[in-house]
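Report on one structure; see the data block that follows.
Only the coordinates and a few stated rules stand behind these numbers; no lab work does. In this text the structure is predicted, and so the values were computed from the model without any measurement. Glycine also receives a Cβ, built like all others from the backbone with ideal geometry; neighbour counts cover every protein chain displayed.
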Amino acid sequence: NAGVTQTPKFQVLKTGQSMTLQCAQDMNHEYMSWYRQDPGMGLRLIHYSVGAGITDQGEVPNGYNVSRSTTEDFPLRLLSAAPSQTSVYFCASRLGLAGHYEQYFGPGTRLTVT
Amino acid sequence: AQKITQTQPGMFVQEKEAVTLDCTYDTSDQSYGLFWYKQPSSGEMIFLIYQGSYDEQNATEGRYSLNFQKARKSANLVISASQLGDSAMYFCAMRFGGGNKLTFGTGTQLKVEL
C-alpha cells in the first residue's frame, strides 16, 4: 500500500492563480480530510469528507473547494490564491469504523503564494 | 468549543531519560479522544498513541504512554528512555464531531541531548 499520497510536494503560485492539490489513498478509507499548518500553529481543518459525494467544512474553509467523486481521491482547489494561503497542506484519511480513529497523514504539500 | 493547549514550546531531555510533554484540553462532549503525533524535521505526521474518553486504562505503545487524567482534562505524553531520534515536534490533538475532525495544539519542540 502506498498509503496517503499528495502531489505536488512543492508549489509556488502568484496571487490570483488557481490550482488543485491532489490527495489519494489506497486503503479504502471512508473519511478524508484536508488540514493546513502555519508556523507556530497546529494543524487546522479545512474540509473533510465522510464518503464519496459527501463533504463538509472545517475550521478554515474560506478560499478552498473540495469534492469527492471516488473513495480514493479528495482534491483541494484554491480558486484564487492569496498570500494568506501560504502554508503546508496535509491530507489525511481514516477508516469509517467506530473505534478506528487514527488518521493517516500524507507527506504534505508546501505552497507559497507570492 | 474544543481547544487543546500545549504550554511548553520547547523541551530538552538527556538521552535515556524520561520526559513528559503536557497537554490540556477543553470540550463539553462526553465522547472524545486524545492523540499524540510526532513531526520530525522531515515534516511528516506520525501517529504515536490514542486514548478514548471512555478508556479506563492509560494507553501505552512501546516507549510512549499517555497519562490521561479526565477530571483535570489533561492527556500528557510520557516518553521513556529518550533517544536522539525522538527529537521532533510533538502535537497533541483531540477528535470530535464523530471522529472526523481533529483539533490540534500548537506543539512542543523536543530536543534530546547526549
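Determine the sum of side-chain charges near B:A81: Lys and Arg each +1, Asp and Glu each -1, restricted to other residues whose C-beta is under 15 angstrom from that of B:A81.
Charge balance in the 15 Å sphere: -3.
Quick one: which residues, 5 or more positions from A:L13 or on another chain, have an amide H under 5 Å from its amide H? H modelled 1.01 Å from N in the peptide plane, none for Pro or chain starts.
Excluding prolines and chain starts, which carry no amide H, the hits are A:T112, A:V113, A:T114.
Would you please give the FRET efficiency between A:T70 and A:A98, computed as 1/(1 + (r/R0)^6) with r the Cβ-Cβ distance and R0 = 25 Å, to the nearest 0.05?
So the FRET efficiency works out to roughly 0.60.
Grab the beta carbon distance between B:S41 and A:S18, set R0 = 41 Å, and tell me the FRET efficiency rounded to 0.05.
0.85
Could you tell me the number of lysine pairs in chain B with C-alpha atoms less than 27 Å from each other, where the two lysines are 8 or more residues apart or belong to different chains?
Counting lysine pairs in chain B gives 14.
For an R0 of 35 angstrom, estimate the FRET efficiency from the Cβ-Cβ distance between A:T5 and B:A71 and round to the nearest 0.05.
E(calc), rounded to 0.05, equals 0.25.
Per residue of A:37-45, what is the mean number of Cβ atoms on other protein chains within 10 angstrom of that residue's Cβ?
Neighbouring Cβ atoms belonging to other protein chains average 5 per residue here.
Below 8 Å, C-alpha to C-alpha, sequence gap of six or more: please give me the relative contact order for chain B in percent.
37
Pop out the ³J(HN,Hα) list for the stretch A:84-92 in order, Karplus 6.51 cos²θ - 1.76 cosθ + 1.60 with θ = phi - 60°, rounded to Hz; leave Gly and Pro as x.
Whole-Hz 3J(HN,Hα) from phi for the stretch A:84-92: 5, 8, 4, 5, 9, 10, 10, 9, 9.
Output wanted: per-residue J couplings in Hz (rounded whole) for the stretch B:8-22, from phi through Karplus 6.51 cos²θ - 1.76 cosθ + 1.60, θ = phi - 60°, x for Gly and Pro.
After applying 6.51 cos²θ - 1.76 cosθ + 1.60, I find 9, x, x, 9, 10, 9, 7, 3, 6, 8, 8, 9, 10, 9, 8 Hz.
Which whole-Hz ³J(HN,Hα) couplings does the stretch A:65-76 yield from phi under the Karplus relation 6.51 cos²θ - 1.76 cosθ + 1.60, θ = phi - 60°, glycine and proline marked x?
Calculated HN-Hα couplings, in order: 10, 9, 8, 9, 8, 10, 5, 7, 10, 8, x, 10 Hz.
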